[in-house]
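Enquirer: Starting off with a structure, shown below.
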Amino acid sequence: AAITKLQTELTTLVIEEDAEVRRILYTLSAEVSEYAPVIRRNMEAMEILDVLFAKAKLSAAMKAVPVTIGGARRLDIRKGRHPLLDAEHCVPLDFRMDEETFGVIITGPNTGGKTVSVKTVGLLSMMAQCGLHIPCEAGSYIAMQDGYWCDIGDSQDMSQNLSTFSGHMTNVIGILEHASRDSLVLLD
């Protein structure tokens, strides 16, 4: 009987405590909601600053520079480096395409760096268009693209009975259907 009385009192206190916690939370929530627009603006400012600081930190880590981005259909990458390769050991890439050039063919022996070159051009172009600095020398120029299309690597698919050649042809047909005059198309 003595324990039952204490148990009832304990249950009552737990209910009262829960009610008080809820009352405090409702009161605080109501006070905070009055400042919701200010808090939202501060969060948006913090988000913008966070992105800018992340871009700056990435730029410093890659020893990257800002490049000129424009509407002229040309590329001029000077001493560009793939950002995932060790800057001390990779061979910088010089790649130039003027407005009269519609395509470039890169040839050479196996393990000669053709795929890395193609991927570097595409990645640096996309990074610049996203507002990032790129690891290259100052004076580089990147054209604005309306799309990036690539077929790089082995396209063999056993489940669809595609050979490597058939897989590449399927990708190329898709690229031809969607790419425009202002797209960057990379084929390896």
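Enquirer: Among Arg81, Arg181, which is out of contact with any Ser or Thr (no Cβ under 7 Å at 6 or more places or on another chain), open to solvent by less than 70 Å² (accessible area, probe 1.4 Å) and either at pLDDT below 90 or not β-branched (Val, Ile, Thr) (or both)? Can you show your working first?
Expert: Details: Arg181 fails: open to solvent by less than 70 Å² (accessible area, probe 1.4 Å).
Only one candidate passes the filter, namely Arg81.
Enquirer: Which ones in the stretch 63-77 are out of contact with any strand residue (DSSP E or B) (no Cβ under 6 Å at 6 or more places or on another chain) and closer than 13 Å to Cys136 by Cα?
Expert: Correct list: Lys63, Val65, Pro66.
Enquirer: Among the residues of the stretch 1-28, how many are open to solvent by 70 Å² or more (accessible area, probe 1.4 Å) and polar (S, T, N, Q)?
Expert: Number satisfying all stated conditions: 3.
Enquirer: Now a separate question. Which members of the stretch 40-74 meet the condition of being at pLDDT 95 or above, among the aliphatic types (A, V, I, L, M) and more than 20 Å from the chain's Cα centre (by Cα)?
Expert: Met43, Ala45
Enquirer: Next question, about the same structure. Residue check: is Leu52 in contact with a helix residue (DSSP H, G or I) (Cβ under 7 Å, 6 or more places away or on another chain) and open to solvent by less than 100 Å² (accessible area, probe 1.4 Å)?
Expert: For Leu52, the condition - in contact with a helix residue (DSSP H, G or I) (Cβ under 7 Å, 6 or more places away or on another chain) and open to solvent by less than 100 Å² (accessible area, probe 1.4 Å) - is not met.
Enquirer: Also, quick follow-up: Among the residues of the stretch 98-138, write down those that are of a type in the set (Gly, Ala, Ser) and either part of a loop (DSSP other than H, G, I, E, B) or open to solvent by 40 Å² or more (accessible area, probe 1.4 Å) (or both). So that I can check it myself, show each step before the final result.
Expert: First pass over the stretch 98-138, keeping only residues of a type in the set (Gly, Ala, Ser): 103, 108, 112-113, 117, 122, 125, 128, 131, 138.
Gly103, Gly108, Gly112, Gly113, Gly131, Ala138, listed by residue number.
Enquirer: Further question on the same structure: Could you list, in sequence order, all residues of the stretch 161-177 that are more than 20 Å from Lys119 (Cα to Cα) and at pLDDT 90 or above?
Expert: Ile173, Glu177
Enquirer: Being under 20 Å from the mean Cα position of the chain (by Cα), assigned to a loop (DSSP other than H, G, I, E, B) and modelled with pLDDT of 90 or more is the filter; apply it to the stretch 139-160 and report the residue that is farthest from Ala72 (Cα to Cα).
Expert: Asp146
Enquirer: What number of residues within the stretch 139-148 are open to solvent by less than 80 Å² (accessible area, probe 1.4 Å) and more than 14 Å from Phe95 (Cα to Cα)?
Expert: Number of matching residues: 3.
The values are calculated or read from the model by the stated rules, or taken from the named source; none is laboratory data. Please read all numbers here as calculations on a predicted model, not as lab measurements. FYI the Cβ positions are ideal-geometry reconstructions off the backbone, even for glycines, and counts take in every protein chain you see. The accessibility values were calculated without ligands, DNA or RNA, using every heavy atom of the protein model including side chains. Shrake-Rupley method; radii C 1.70, N 1.55, O 1.52, S 1.80 Å.
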